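Below you'll find the structure, written out as structure tokens, and then a few comments.
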Amino acid sequence: MKFVQNIFDKTRPLVEKDGKRNILYPLHNALETMAFVPDHTTHSGAHVRDAIDLKRTMVTVIFAMVPALLFGMWNIGRLHFAAIGEEAALLDSFLFGALKMLPLITVTYAAGLGVEIYFSWKRNHPVNEGFLVSGLLIPMIMPVDIPLWMVAVSTIFAVLIGKEVFGGTGMNLLNPALTARAFAFFAYPTWMSGDQVWINTKGGEVVDGYSGATALGDLATTVGQGLGNTATDAVMAQFGAGGHYSFMNAFLGLIPGSIGETSALLILLGGLFLVFKGVGSWKIMLSFFLGGFVMAGIFNVFAVNEFMGLNPLHQLMLGGFMFGMVFMATDPVSAAQTETGKYIYGFLAGFFGIMIRVFNPAYPEGIMLAILFMNVMAPLIDYYVVEANIKRRAKRVAHA
Amino acid sequence: MSQTFKIRKGYDIKLVGEASSNDLGQHSASTYAVSPLDFPGITPKLAVKAGSKVLAGDTLFFDKDRPEVKICAPVSGEVAEIKRGAKRKILAVLLLADSETSYAKHDAFDLKKGDREAAATHFSNTGVGAFITTRPYGVAASMNEQPRDIFVNGIQSGPLNGDLATQLAGKGEAVQAAISALALMTSGKVYVSHDADAAAVAELQAEGATHITFSGKHPKGLVGTQIAKAAPINKGEVVWTVNAVDLPIIGRAFLSGEYAPEYKVAVTGSKAMNTGYATMLQGVSLNGFISANFNAENTRFIAGDVLTGTQLATDGFLSFGKAQLTAIPEGNQTEFFGWVLPGFGKFSTNRAFWGWLFPNRKYDLDTNMHGEERAFVVSGEYEKFIPMDIFPQQLLRSILIRDIEKMEQLGIYEVVPEDFAIAEVACTSKLPLQQIVRDGLNDLRKEMM
């Protein structure tokens with residue numbers, strides 16, 4: 001690997017402090033430390049260190065996302081060809097999806113890393129790894145047909161306002177990927193909801209009976225119709241066995257939605273991998289799931305419409321719930337930082353997520369809003385957990 | 001009946017190069033050095049100058065603010081040089097040793113009749129008071145303080161730590177004398193800790209002490225853990241701590257009035273050609289000893305263990321209070337895509353690597369950082385290694401923003417840097433936790449004085 005090292009050595013004078021391309025120093029440093037774990041040795045404190053670093057942590061998360069990502073690519077193609085009534089082999093569907101997805105990923109990374117590198121240069125610190133994950137999360141929670149410039153603008157907004165203004169990776173209040181999605185959702189609502197954006201139908205005539213809606217979009221139409229209304233039978237039939245949005249289809253992910261969010265199975269697989277690797281917090285995932293389940297259960301018991309009456313487990317398989325649980329709520333920076341706080345944070349995020357989704361059908365992505373809301377609340381939860389420790393200590397003094 | 005505590009949070013870093021039972025003999029040298037840098041929180045004021053003749057046990061320097069804190073000469077001889085650094089900061093007092101050590105004249109101390117005041121004076125004058133550390137702050141104790149309790153740490157469970165039974169063998173009488181002397185200094189208890197997982201140390205079964213036992217993982221061998229479990233420190237309280245390995249030196253100072261800081265030093269590490277135990281005095285020049293017993297090529301020499309030890313030069317001197325030498329390879333090499341590769345053989349406390357599947361594997365660790373420093377990102381990481389009722393990350397943050405009140409509330413009085421050592425090793429963001437805690441303690445102490 002000498003020649004790679006040589007390239008870095010040769011270009012280093014260009015980007016160093018007095019070099020002509022100093023603005024590229026963070027990029028140079030980022031690439032070099034990516035290619036080679038640096039030869040830095042310990043100089044204070046403990047003399048040996050764990051092999052783990054933030055790059056390792058982040059790449060582990062990326063590995064966990066890969067199954068859902070690949071599935072999402074295939075699902076793009078599958079839905080596309082089904083919508084225009086063409087038969088397509090698995091590979092064709094996958095390639096079609098991959099060609100849709102790659103520009104999204106590239107644009108996200110370019111926009112986000114551009115901002116990161118600029119700030120690294122301005123603030124004179126190395127590029128942080130956080131965006132490696134955010135940059136892949138953002139395209140996975142976008143609808144397939146969203147224009148690239150919107151993704152770029154959302155990403156830039158997220159990195160700037162969501163992260164850099166607070167001081168960069170580790171200092172942010174909100175999950176950057178969700179900030180990007182929230183920005184896109186509120187800035188370009190027509191591109192982020194409805195029944196036109198989830199399935200790519202260009203290049204063909206849609207078949208009879210085609211619907212581009214999502215499960216949650218359809219469910220939202222049942223609100224206000226009461227329970228057992230025959231008018232909703234056609235929609236609810238889709239949720240029964242053999243329907244479009246049957247439990248099995250939702251679990252496997254054969255439904256329309258944001259690109260990476262549909263397959264509960266593969267997301268769970270990624271989640272298990274994260275827990276197994278000790279990178280994702282099982283406390284958050286478990287309590288998030290329970291929170292959602294409890295809320296969906298309460299709705300189910302006191303249902304006044306079909307949306308509320310949906311089987312709680314089925315409810316959790318739809319929309320961004322699973323994706324939010326595994327990849328969004330667990331972001332260690334924006335989540336609660338205390339172990340007790342994680343249970344509360346996760347539970348409430350899941351709980352509110354389902355609540356928003358069902359109570360306000362205009363926001364089918366209640367999960368996104370709930371997690372962002374709990375991001376903001378997480379410091380408050382931590383505050384009370386830490387305060388309890390402080391009180392315990394103060395009490396000890398009083399007794400001593 | 002002694003109380004037993006099980007330590008579940010923590011980590012045993014298993015390294016190759018454990019001390020064998022070999023006796024590496026006596027090591028002495030013509031030069032000795034005592035460095036004020038071994039005593040955090042002390043502003044050294046010299047009691048000698050270059051050319052002064054000293055006896056073993058004569059004061060070399062003392063703390064400017066607390067003149068009763070005295071650091072004494074380990075041997076008799078002549079002060080060869082006062083080594084100074086930037087701004088004339090004293091780095092070390094170099095001594096040229098006599099061929100035969102003569103001791104400063106102190107009377108033996110009658111432990112049956114002595115009272116606290118006399119014991120305090122004796123501790124201070126003979127120099128053995130310097131072996132006592134005070135909490136809060138983790139600095140050398142002033143004999144004018146009234147400690148609530150005194151904790152004697154009889155557990156050596158850190159990486160490659162020597163076997164205490166070997167190091168204290170045959171010194172039972174001196175150990176007992178030291179415990180009795182310490183008992184005079186407090187109206188509270190003298191706790192002595194024992195390791196349930198190691199061979200019992202008969203010499204430590206001293207009378208007049210409260211015995212507590214710990215089992216489980218390191219940091220059971222850190223006195224901070226032991227205090228937190230047995231009787232945590234509250235604001236306004238002072239607790240003294242002593243390492244069991246220093247007890248014979250304290251005992252001897254009381255039994256015969258002599259200051260002879262002699263250790264059976266555990267010689268360890270993957271770079272040690274001969275592991276075992278060598279008898280030597282604190283401050284002795286290691287020049288010669290290192291070349292005889294270690295492979296010195298690209299090697300990091302450490303007085304103490306890899307968690308909390310002090311880095312030594314190849315011609316360095318045995319640091320104060322250290323009964324262990326560790327030598328490990330320097331890790332000054334890059335690694336191609338080391339963060340992506342599976343890394344089956346790599347050491348990690350984190351399951352992101354595969355080593356956790358082989359809990360008994362021993363590692364030949366080098367000093368590589370394995371990454372660059374980052375902000376706090378991962379949460380819940382430090383808690384796994386600090387078995388105290390403390391929120392480590394929140395405490396560290398309060399230190400970083402210099403919020404004295406928050407530091408107090410979050411329990412800074414209960415910790416010293418070494419309590420954060422394992423967390424520092426494990427830290428994903430590669431943050432210098434021990435240095436942060438030391439800075440916080442220094443700030444706090446300045447505020448309080």
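Just so it is clear, none of the values below were taken in a lab; they were calculated from the coordinates. Nothing here was measured: the structure is a model prediction, and the numbers come from that model. Neighbour counts are summed over all protein chains in view; Cβ atoms, including those assigned to glycine, are modelled from backbone coordinates with ideal geometry.
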Rounded to whole Å, sorted largest first: equivalent-ellipsoid semi-axes of segment B:185-296, Cα gyration tensor: 30, 20, 14
Grab the eigenvalues of the alpha-carbon gyration tensor for segment B:321-449, scale each by 5, take roots, and send me the semi-axes largest first in whole angstrom. 30, 17, 14
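Convert 25 °C to kelvin, take the viscosity as 0.890 mPa s, use the Kirkwood radius over C-alpha pairs of segment B:106-255 as Rh, and evaluate the Stokes-Einstein diffusion coefficient in µm²/s, rounded to a whole number. The partial results should precede the final answer.
On the way: Rh = 15.3 Å.
D, rounded to a whole number, is 160 µm²/s.
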On Cα atoms only, tilt of A:130-140 relative to the major axis of chain A in degrees: 20 degrees
Could you derive backbone 3J(HN,Hα) for segment A:215-229 from the dihedral phi with the Karplus parameters 6.51, -1.76 and 1.60 (θ = phi - 60°), listing whole Hz in sequence and x where the residue is Gly or Pro? 4, 5, x, 5, 4, 4, 6, 7, 5, x, 9, x, 8, x, 6
Starting from the Kirkwood Rh over alpha-carbon pairs, what translational D in µm² s⁻¹ does segment A:22-99 have by Stokes-Einstein at 37 °C and 0.692 mPa s? 200 µm²/s
At q = 0.16, 0.23 Å⁻¹, what base-10 log of I(q)/I(0) does the Debye formula yield for segment B:31-97 when every alpha carbon is treated as an equal point scatterer in vacuo? -0.45, -0.94
Taking N as the number of residues in chain B, what is its alpha-carbon radius of gyration divided by 2.2 N^0.38 Å? 0.95
Rg/Rh for segment A:108-148 to two decimals, with Rh computed the Kirkwood way over all alpha-carbon pairs. 1.08
Dimensionless Rg over Rh [segment A:250-398; C-alpha; Kirkwood]: 1.04
Tell me, what HN-Hα J-couplings in whole Hz come from the Karplus equation 6.51 cos²θ - 1.76 cosθ + 1.60 at θ = phi - 60° for each residue of segment A:230-242, using x for Gly and Pro? 5, 4, 9, 4, 4, 5, 5, 4, 5, 8, x, 4, x
Counting Lys and Arg as +1 and Asp and Glu as -1 over every other residue whose Cβ sits under 9 Å from the Cβ of B:Ile71, the net charge comes to -1
Using DSSP to call loops (not H, G, I, E or B), can you name the trypsin sites (Lys or Arg not before Pro) in segment B:1-62 whose Cβ has at most 11 other Cβ atoms within 10 angstrom? B:Arg8, B:Lys49
Principal axis box of the protein assembly as shown, alpha-carbon based, largest edge first, Å: 107, 64, 45
Using only alpha carbon positions, build the gyration tensor of chain A, then give the equivalent ellipsoid semi-axes as the square roots of 5 times its eigenvalues, largest first, whole angstrom. 39, 30, 17
Show which lysines lie in cross-link reach of B:Lys113 when reach means a straight Cα distance below 22 angstrom and same-chain residues fewer than eight apart are skipped. B:Lys105, B:Lys189
Quick one: which residues, 5 or more positions from B:Ser270 or on another chain, have an amide H under 5 Å from its amide H? H modelled 1.01 Å from N in the peptide plane, none for Pro or chain starts. B:Ala327
If contacts are Cα pairs under 8 angstrom and at least 6 residues apart, what is the relative contact order of segment B:369-448 in percent? 38 percent
Positive-end extreme of charge dipole, the protein assembly as shown - chosen from B:Ala327, B:Ala196, B:Asn125 (charges on Cβ): B:Asn125
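Taking N as the number of residues in segment A:55-139, what is its alpha-carbon radius of gyration divided by 2.2 N^0.38 Å?
Normalised Cα radius of gyration, segment A:55-139: 1.37.
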Loop sites in segment B:248-342: GluC sites (Glu not before Pro), DSSP, at most 13 other Cβ within 10 Å: B:Glu297
Under DSSP loop assignment and at most 14 Cβ neighbours within 10 Å, longest chymotrypsin sites (Phe, Trp or Tyr not before Pro)-free interval of chain B: B:1-336
Where does the longest stretch of chain A lie that holds no GluC sites (Glu not before Pro) found in a DSSP loop with 11 or fewer other Cβ atoms within 10 Å? A:206-400
Using θ = phi - 60° and the Karplus curve 6.51 cos²θ - 1.76 cosθ + 1.60, what whole-Hz ³J(HN,Hα) does each residue of segment A:248-262 get, with Gly and Pro shown as x? 5, 4, 5, 5, 6, x, 7, 10, x, x, 4, 3, x, 8, 7
Once amide H atoms are placed 1.01 Å from N in the peptide plane, what residues at a sequence separation of 5 or more from B:Lys6, or on another chain, have their amide H within under 5 Å of its amide H? B:Ser215
Projected convex hull area of segment A:187-307, Cα atoms, direction-averaged, in nm², equals 10.3 nm²
For segment B:1-137, count the residues as N, evaluate 2.2 N^0.38 Å, and divide the Cα radius of gyration by that value, please. 1.33
Using the Kirkwood radius over Cα pairs, work out the Stokes-Einstein diffusion coefficient for segment A:335-389 at 25 °C and 0.890 mPa s, in µm²/s as a whole number. 217 µm²/s
